[in-house]
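Visitor: What follows is a single structure, and I will ask about it in a moment.
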Amino acid sequence: MTYDKLLRLAYKKVSEKKGEEEAAKLLLMELSGLEPHAFFMAMKQEVDPKLQEDFLKKLDLYLEEHMPVQHIIGHSYFFGHKLFVNEHVLIPRPETEQLVEHVLYFYDTYFGSQKINLLDLGTGSGCIGLTLAKEEPHLFVTISDISEDALEIANKNKQHLGVETNIVLSDLFDHIEGKFSILVSNPPYIPDSEVVEDVVQKEPSVALYGGSLGVDFYEKILREAKPFLESKALIAFEHGYQQKEVIASFVRAEYPHAILIQMKDLAGKDRFTFVGLNGVLENE
């Protein structure tokens with residue numbers, strides 16, 4: 001069977017189970033070991049029977065067991081980097097890539113090439129903090145998480161990317177030391193009562209749910225962050241699209257003189273909140 005015929009068979013199975021065609025395509029491409037351009041040029045070539053058997057078995061894991069494809073293949077891609085993932089960490093989302101882009105822009109604009117400390121609170125796979133360390137060598141990055149299992153994956157990604165970062169096991173600020181010019185966090189923000197897709201249920205609940213309204217962690221982080229922030233600092237959050245106003249109210253209560261900027265993601269949904277202290281964000 002050729003690659004294109006195997007994909008058509010997979011798409012039929014996906015349609016019957018209401019899955020995603022892109023997931024099937026990603027699975028086959030990764031299992032083939034081919035680069036994307038070579039994969040698409042190989043559509044008329046015969047698929048090795050062992051690869052075909054392996055692909056169909058793993059496709060069933062996705063369709064029948066609702067296992068995310070990234071967990072099946074053991075990695076995901078973020079900001080052009082290959083990152084290891086498993087059932088203990090969230091799969092990095094495209095929206096979070098935008099958060100990294102915004103933080104890099106604000107760093108360049110308000111800190112220039114200064115060497116500063118950055119804290120990624122609740123890092124999971126490490127995708128935010130490790131990517132920032134990879135992209136900007138003047139950032140001294142600390143990544144933290146409450147989950148030892150998550151930090152094992154983050155450490156594996158640290159080694160893979162070849163970056164220097166501090167890794168701290170901590171429930172929010174409990175074991176954090178020092179002061180930071182940038183605090184970035186993408187904490188759990190799904191309301192406790194919200195029903196998520198079957199495939200999302202395979203991701204760790206500790207990284208998904210954030211209280212009755214999904215905003216508990218934002219309130220706590222903003223309230224407890226002050227001793228850990230330099231006088232000139234940036235706080236950067238990703239959050240749910242319905243949480244903009246309540247998070248803004250937390251900011252105004254805790255940092256009444258700060259500059260508050262809230263931005264949409266590429267889908268036009270309210271997704272990011274930035275808090276600037278003592279000159280940061282003043283020209284935006």
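Visitor: Looking at the range 82-106 only, could you name the residues that are modelled with pLDDT of 95 or more, in contact with a Phe, Trp or Tyr (Cβ under 8 Å, 6 or more places away or on another chain) and not in a helix (DSSP H, G or I)?
Guide: Leu83
Visitor: Here is a list: Thr131, Thr142, Thr123. Which entry is touching a Phe, Trp or Tyr at 6+ places or on another chain (Cβ under 6 Å) and over 29 Å from Val14 (Cα atoms)? Talk me through it step by step, then tell me what you get.
Guide: On the way: Thr142 fails: touching a Phe, Trp or Tyr at 6+ places or on another chain (Cβ under 6 Å); Thr123 fails: touching a Phe, Trp or Tyr at 6+ places or on another chain (Cβ under 6 Å).
Exactly one residue qualifies, and that residue is Thr131.
Visitor: Could you tell me whether the range 237-259 includes any residue that is part of a strand (DSSP E or B), within 19 Å of the chain's Cα centre (by Cα), surrounded by 21 or more Cβ atoms within 10 Å (Cβ to Cβ) and assigned by TED's automatic domain parsing to the domain that holds Phe111? Walk me through how you get there before you give the answer.
Guide: Just the residues of the range 237-259 that are part of a strand (DSSP E or B), to begin with: 237-238, 259.
Filter again for within 19 Å of the chain's Cα centre (by Cα), leaving 237-238.
When the remaining residues are screened for being surrounded by 21 or more Cβ atoms within 10 Å (Cβ to Cβ), the result is 237-238.
Within this subset, residues satisfying the condition of being assigned by TED's automatic domain parsing to the domain that holds Phe111 are 237-238.
So far as the range 237-259 goes, yes, one or more of its residues are part of a strand (DSSP E or B), within 19 Å of the chain's Cα centre (by Cα), surrounded by 21 or more Cβ atoms within 10 Å (Cβ to Cβ) and assigned by TED's automatic domain parsing to the domain that holds Phe111.
Visitor: Does at least one position in the range 169-190 carry a residue that is at pLDDT 95 or above and either over 19 Å from Glu230 (Cα atoms) or assigned by TED's automatic domain parsing to the domain that holds Lys17 (or both)?
Guide: Within the range 169-190, one or more residues are at pLDDT 95 or above and either over 19 Å from Glu230 (Cα atoms) or assigned by TED's automatic domain parsing to the domain that holds Lys17 (or both).
Visitor: Working only within the range 41-79, note down all residues that are part of a loop (DSSP other than H, G, I, E, B) and under 14 Å from Leu9 (Cβ atoms).
Guide: We begin by selecting, within the range 41-79, every residue part of a loop (DSSP other than H, G, I, E, B); these are 42-45, 47-48, 65-68, 74, 79.
Matches in the range 41-79: Met43, Val47.
Visitor: State which residue is surrounded by the fewest Cβ atoms within 10 Å (Cβ to Cβ) when the search covers only the range 7-22 and only residues that are of a type outside the set (Asp, Glu) and either outside any helix (DSSP H, G or I) or outside the structural domain of Leu56 (by TED's automatic domain parsing) (or both).
Guide: Lys18
Visitor: Okay, next question. Could you check how many residues of the range 81-118 are over 13 Å from the mean Cα position of the chain (by Cα) and either of a type in the set (Phe, Trp, Tyr) or under 17 Å from Met29 (Cα atoms) (or both)?
Guide: Result for the range 81-118: 5.
Visitor: Here's another thing I want to ask about it. Just to be sure, is Thr109 among the β-branched types (Val, Ile, Thr), buried (at least 17 other Cβ atoms within 10 Å of the Cβ), assigned by TED's automatic domain parsing to the domain that holds Cys127 and in a helix (DSSP H, G or I)?
Guide: Values: among the β-branched types (Val, Ile, Thr): yes; buried (at least 17 other Cβ atoms within 10 Å of the Cβ): no; assigned by TED's automatic domain parsing to the domain that holds Cys127: yes; in a helix (DSSP H, G or I): yes.
No: the conditions fail for Thr109.
One line per residue, one yes/no per condition, for (1) closer than 19 Å to Lys232 by Cα; (2) out of contact with any strand residue (DSSP E or B) (no Cβ under 9 Å at 6 or more places or on another chain); (3) not basic (Lys, Arg):
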{"site": "Ile116", "(1), (2), (3)": "yes, no, yes"}
{"site": "Asp120", "(1), (2), (3)": "yes, no, yes"}
{"site": "Ile128", "(1), (2), (3)": "no, no, yes"}
{"site": "Glu164", "(1), (2), (3)": "no, no, yes"}
{"site": "Lys179", "(1), (2), (3)": "yes, no, no"}
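Visitor: Kindly indicate whether Glu30 is among the charged types (D, E, K, R), in contact with a helix residue (DSSP H, G or I) (Cβ under 7 Å, 6 or more places away or on another chain) and farther than 22 Å from Ile153 by Cα.
Guide: Details: among the charged types (D, E, K, R): yes; in contact with a helix residue (DSSP H, G or I) (Cβ under 7 Å, 6 or more places away or on another chain): yes; farther than 22 Å from Ile153 by Cα: no.
Spelling it out, it is not the case that Glu30 is among the charged types (D, E, K, R), in contact with a helix residue (DSSP H, G or I) (Cβ under 7 Å, 6 or more places away or on another chain) and farther than 22 Å from Ile153 by Cα.
The values are calculated or read from the model by the stated rules, or taken from the named source; none is laboratory data. Everything numeric in this text was worked out from a predicted model, so none of it was measured. Ideal geometry is used to build each Cβ from the backbone, glycine not excepted, and the neighbour counts take in all protein chains shown.
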